[in-house]
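Some notes on the structure that comes next.
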Amino acid sequence: MVKHLLIVCEACGAPTNPEKPEAQTDGSRLLEQLKQLHQDWPCRDQLDLETTSCLCVCDHPCAVALVGTHKPSYLFGDLSSLESAADLLTASELYLESEDGFVAAFRLPSGLRRCRLARIPPAP
């Protein structure tokens with residue numbers, strides 16, 4: 001079975017106030033939203049949610065990567081931590097349904113089209 005991951009950058013939108021290090025990052029807020037929606041999502045068994053310490057697209061927070069075995073990976077940035085979760089799961093469903101992993105930009109939810117930063121070819 002092909003493994004699919006939606007990887008959320010934990011550092012994105014890191015709090016800049018050193019007096020409040022416990023403040024939540026935008027990445028953490030987005031992950032919370034995704035987890036809530038993922039619980040009742042019909043495709044939840046086909047897509048795992050994970051985090052990484054940094055996706056290195058700091059000029060485009062909040063960032064996530066959509067990755068599948070033998071499929072291209074997609075990098076999304078400039079995401080709203082409170083409004084992108086549902087769109088990301090919709091895009092993930094399109095990705096899951098695609099045998100080769102290609103999802104045309106026009107098929108993405110309108111809120112994500114401008115946020116797609118890269119499509120990275122699968123490893124050989």
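The values are calculated or read from the model by the stated rules, or taken from the named source; none is laboratory data. The structure displayed is predicted, hence computed values, not measured ones. Glycine also receives a Cβ, built like all others from the backbone with ideal geometry; neighbour counts cover every protein chain displayed. Note: accessible area is taken over every heavy atom of the protein model, side chains too, but ligands, DNA and RNA are not part of it. Shrake-Rupley method; radii C 1.70, N 1.55, O 1.52, S 1.80 Å.
Scanning segment 59-73 for residues that are open to solvent by 50 Å² or more (accessible area, probe 1.4 Å) and of a type in the set (S, T, N, Q) yields one hit, Thr69. Answer yes or no as to whether Glu99 is under 14 Å from His4 (Cα atoms) and buried (at least 16 other Cβ atoms within 10 Å of the Cβ). No: the conditions fail for Glu99.
With the structure loaded, tell me whether Thr52 is of a type outside the set (A, V, I, L, M) and over 22 Å from Ala11 (Cα atoms) or whether it fails that test. No: the conditions fail for Thr52. Put simply, of Phe102, Phe76, Phe106 the only residue that is under 25 Å from Ala11 (Cα atoms) and among the aromatic types (Phe, Trp, Tyr) is Phe76.
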